[in-house]
Amino acid sequence: MAAPEETAPKAYKQRGGTGGEAMPLRSIQADDQVYTSSGSAELDRVLGGGIVEGALMLVGGDPGIGKSTLLLQVCDHLCRMGKRVLYVSGEESARQIRLRAQRLGAHQSDLLVLTENAMDQVEAKLQAVQPEFCVIDSIQTMYRPEMGSAPGSVSQVRECASILMRYAKTTGCAVFLVGHVTKEGSLAGPRVLEHMVDVVMYFEGDHTHEYRLLRAVKNRFGSVNELGIFEMTGTGMRAVEGASETLLSQRAKGASGSCVFCGMEGSRPMLVDIQALVTQSFLQVPRRTVDGMDSSRVMLLLAVMEKRARLKMYCRDAYINVAGGLSLSEPAADLALCMAVASSYVDRPVPGDWAVMGEVGLAGEVRSISQLERRAMECRRLGFTHILCPRDSVRHVKAPEGIILHGVDTVAQAMAVLDLMPSS
Ligand code: TYD
Ligand code: MG
């Protein structure tokens, strides 16, 4: 039931709408989408090419992950390009914002700053200033006093976001909403806005991770799952170039329990190091901890290794980690995980110039994966020479020069190829 004080959303005429008429699709004019660069190639990639006029974009993530910093850098860039930009902060004082901007070397611009929590004041200022770009930092601090509920409550967050949506859609101003997410994925947080906005981007992980990973989980203007990699430096967020190089840079070569996998993060292939530590367990129920992969998927794969590859996991603890803080969701990472586990189990390394990819089924079968060719190209670029992959994929793919594809049908075969079979 809607709270009684919640006002019904007002109808509005959207720019580029059909003006209240039903129009035949073929008579609708559509120019190519115009993207304005945010000044950061990584952010542009996540946005699907850049900022679109009238877009409402949500940037979510843990407190302290770098949302305000990144957006202040974007504002600075847009101002330098001669755009009219308004930065609304409900969290920090003007002085704090100025100090942060100084740190970023972004304090000499004409960026308009407004510190305000009351939504009607923000709306009035938007009407007066008519910015082309606007940042609301954060949506949880905005409120309409007449609604009675506290700032950050579901009804306030929704109402304020719908006011901003109306503003964006009628004026063409592109609006970034900052939203904090707590570990519990708080209800009043950005999740309640996902259906309203055009683009949803989340910073993955927390600020203890080395890299700040920004992923688009919804994008009406581009493909989802695009990943931007940043690093927090003394002077703001810096894009990390050469994702694969960076993610592999600290790999302990020659150590057991490490296996390189090439994932597709959106449209970009990316090499990551999947790590496993398998040790004898002294507990009734062996311990399993997983970071960077879906833990139920990992449990399933450990069971497959137990049953199909005869690894005695029932009396072993297993710790799984994806180096660099990346979260992998592709089943194509299964085989690499299994090989990392097997490698730690027998305490023999996977050879340093091998990369592994393939989905693993419950029968221990290795299933085909998509885009093997692109993944193989990336492996070659990073100096890998052998790829262990599903036999099925090998039939359809021509190996790039300098790469040898080794097709396998089962996890047991894969272990045999890499010499990771336990002796007993
Ligand atoms: P911030 O952008 O305020 O995070 P959010 O808006 O997501 O809550 O980032 C704050 C952290 O980043 C804080 O711990 C200080 C650090 N930081 C830097 O390391 N370098 C910088 O240049 C800036 C501005 C912040
Ligand atoms: Mg902030």
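Each value in this text was obtained by applying a stated rule to the coordinates, not by laboratory testing. These figures come from a predicted structure and were not determined experimentally. Heads up, the Cβs are rebuilt from the backbone with ideal geometry, glycines too, and the neighbour counts pull from every protein chain shown.
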Could you sort 332-339, 140-147 so that the peptide with the highest average Cβ count within 10 Å comes first and the rest follow in order? 332-339, 140-147
Non-local residues with an amide H under 5 Å from the amide H of LEU311, with H modelled 1.01 Å from N and Pro and chain starts lacking one, are GLU306
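Can you count the Lys pairs in the chain whose Cα atoms are under 17 Å apart, with each pair 8 or more apart or on different chains?
Working: LYS10/LYS169; LYS13/LYS169; LYS67/LYS183; LYS83/LYS125; LYS125/LYS169.
Counting lysine pairs in the chain gives 5.
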Counting DSSP beta bridges with both partners in the chain, what percentage is antiparallel, nearest 5? 50
Peptide ranges 319-329, 156-166 listed from the most packed, as the mean C-beta count within 10 angstrom indicates: 156-166, 319-329
With a/c under 1.5 counting as rounded, go ahead and sort the chain into rounded, prolate or oblate using the C-alpha gyration tensor (a ≥ b ≥ c being the square roots of the eigenvalues; past the cut-off, prolate if a/b is larger than b/c, else oblate). prolate
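Subtracting the Cα-Cα distance from 0.36 nm times the residue separation, let me have the gained length for GLU401 to LYS218 in nm, one decimal. Let's see the in-between values first.
On the way: separation 183, 0.36 × 183 = 65.88 nm, distance 3.66 nm.
In short, 62.2 nm is gained.
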Amide H partners (placed H, <5 Å) of GLY90, local residues excluded: GLU116, ASP137, SER138
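Can you classify the range 33-241 as rounded, prolate or oblate using the Cα gyration tensor, where a ≥ b ≥ c are the square roots of its eigenvalues, rounded means a/c under 1.5, and otherwise it's prolate if a/b beats b/c and oblate if not?
Judged from the Cα gyration tensor, the range 33-241 comes out rounded (a/c under 1.5).
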What are the residues whose amide H is under 5 Å from the amide H of SER37, where those residues sit 5 or more places off or on another chain and H is modelled from the backbone? ILE51
So, R0 is 30 Å and r is the distance between the beta-carbons of ARG15 and ARG98; what FRET efficiency does that work out to, to 0.05? 0.35
Could you give each residue of the range 375-381 its phi-based ³J(HN,Hα) in whole Hz, using Karplus coefficients 6.51, -1.76, 1.60 with θ = phi - 60°, and x for Gly or Pro? 5, 5, 4, 5, 4, 5, 4
Tell me whether the range 246-417 comes out rounded, prolate or oblate; compute the Cα gyration tensor, take square roots of the eigenvalues as a ≥ b ≥ c, and use a/c under 1.5 as the rounded threshold. prolate
Residue with peak Gaussian network fluctuation, the chain [Cα springs, cutoff 10 Å], from TYR87, TYR12, TYR345: TYR12
Computed ³J(HN,Hα) along the range 350-363: with the Karplus parameters 6.51/-1.76/1.60, θ = phi - 60°, integer Hz and x for glycine or proline, the list is 6, x, x, 9, 10, 10, 10, 8, x, 8, 10, x, 5, 7
What whole-number distance in Å separates the alpha-carbon centres of the range 260-292 and the range 300-338? 6
